[in-house]
Amino acid sequence: MAGKTYSQKTSEIERRWILIDAKDATLGRLSTQIAKYLIGKYKPTYTPHIDSGDYVVVINAAEVPVTGAKETDKIYYRHSGFPGGIKDAQLKEVREKFPERIIEAAVRGMLPKNKLSPERMARLKIFAGSEHAHAAQKPEKVEVK
């Protein structure tokens, strides 16, 4: 007879702090790793309806590499909510003004579209440079493959 299926409770959640350097891997590979840590899917205690993911601190967001002609061909859209209020920007323009948004948009697209995703996105801390404000939490550095 097999054992019972384990289901994690919210009181049993243990969150780690992860530090990832964005200049080590391309945007897609980096984003999948970040999403994996935010969801907590690598943990043996993973339960789909419980948000057991970790905090992720990303540094050097301005230096994240992309392949091909994405620097000019990739377009980010946003809408003001008013008629005719759609605006677009190339990746290189977004990188100059708000480099954090590049990684944020890529990770948001890789998370499941459910009630847990806003809480997961809130645990993602992105910094354009190599300095971050979470040294007190002692995040452990993780290599992106």
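Listed values, structure above:
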read-out	value
Residues within segment 91-122 that are touching an Asp or Glu at 6+ places or on another chain (Cβ under 9 Å), crowded, with 17+ Cβ neighbours inside 10 Å and either in contact (Cβ under 8 Å) with a residue 40 or more places away in the chain or among the polar types (S, T, N, Q) (or both), tallied	2
Hits in segment 81-107 - residues which are of a type in the set (Gly, Ala, Ser) and within 24 Å of the chain's Cα centre (by Cα)	89, 105, 106
Meets criteria (more than 17 Å from residue 139 (Cβ to Cβ) and either modelled with pLDDT under 95 or crowded, with 19+ Cβ neighbours inside 10 Å (or both)) for residue 20	no
Selected residue [more than 25 Å from residue 6 (Cα to Cα), aliphatic (A, V, I, L, M), at pLDDT 95 or above and surrounded by 14 or more Cβ atoms within 10 Å (Cβ to Cβ)] from 69, 62, 136	62
So residue 52, is it more than 20 Å from the chain's Cα centre (by Cα) and outside any strand (DSSP E or B)	no
Count of residues meeting criterion [outside any loop (DSSP other than H, G, I, E, B), small (Gly, Ala, Ser) and under 17 Å from residue 116 (Cα atoms)] in segment 23-49	1
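The values are calculated or read from the model by the stated rules, or taken from the named source; none is laboratory data. Computed from a predicted model, the values in this text were never measured in an experiment. Cβ sites come from the backbone with ideal geometry, for glycine too, and all protein chains shown count toward neighbours.
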